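Okay, so here's the structure we're looking at.
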Amino acid sequence: MGPAETPEELHALAGQMDDVGVQARELGADLLALRETIGWRSPAAEEYQATLLDHAATTTRGADRVDDVARALREHADGAAQTLAAIEAARSFLLSAAEEARSVLATLWDGVVDAEDARRVLDVVADAPSSPLDPGWLERARQAGWPG
């Protein structure tokens, strides 16, 4: 079971607990119905009826506890789902921020490269020939990246 499945599995378990609670209540109701069907009267019958009544009450309390477990499972599942959603939101935020940072760094790097290229071109131009017709311009232009 992975963390993402945990809330769903907890909700499913809570549903199973609901079924157990229903079954326990049905058992308690069956005990009360059995108590009512006892037709004989005696001290032993009264003791047996009291025992059935006690078991029915105990069964009902057990069903109430099972209901509490189901409710706690649902609350825990909801809390786990909220936590997982918060983790996913934080992860998405950080991955997006990292991608944005990579983009900014790439732009800065391009800018640094552009600045270095610009500095190199300026250095080449600074040493360029003084005459506009000097063939030295060809070599200087090639140094600056001219393909011709």
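Scanning region 91-126 for residues being in contact with a Lys or Arg (Cβ under 7 Å, 6 or more places away or on another chain) and either touching a residue at least 24 places away in the same chain (Cβ under 8 Å) or not in a helix (DSSP H, G or I) (or both) gives a total of 0. Kindly provide the set of residues from region 38-90 that are touching a residue at least 40 places away in the same chain (Cβ under 8 Å), within 15 Å of LEU13 (Cβ to Cβ) and either exposed (fewer than 13 other Cβ atoms within 10 Å of the Cβ) or among the small types (Gly, Ala, Ser) (or both), ordered by number. Once the filter is applied, which keeps residues that are touching a residue at least 40 places away in the same chain (Cβ under 8 Å), within 15 Å of LEU13 (Cβ to Cβ) and either exposed (fewer than 13 other Cβ atoms within 10 Å of the Cβ) or among the small types (Gly, Ala, Ser) (or both), region 38-90 yields ALA70, ALA77, ALA80, ALA81.
No lab work stands behind these numbers, since they all come straight from the coordinates. None of these values were measured; they are calculated from a predicted model. Cβ: placed from backbone, ideal geometry, glycine included. Neighbour counts: every protein chain shown.
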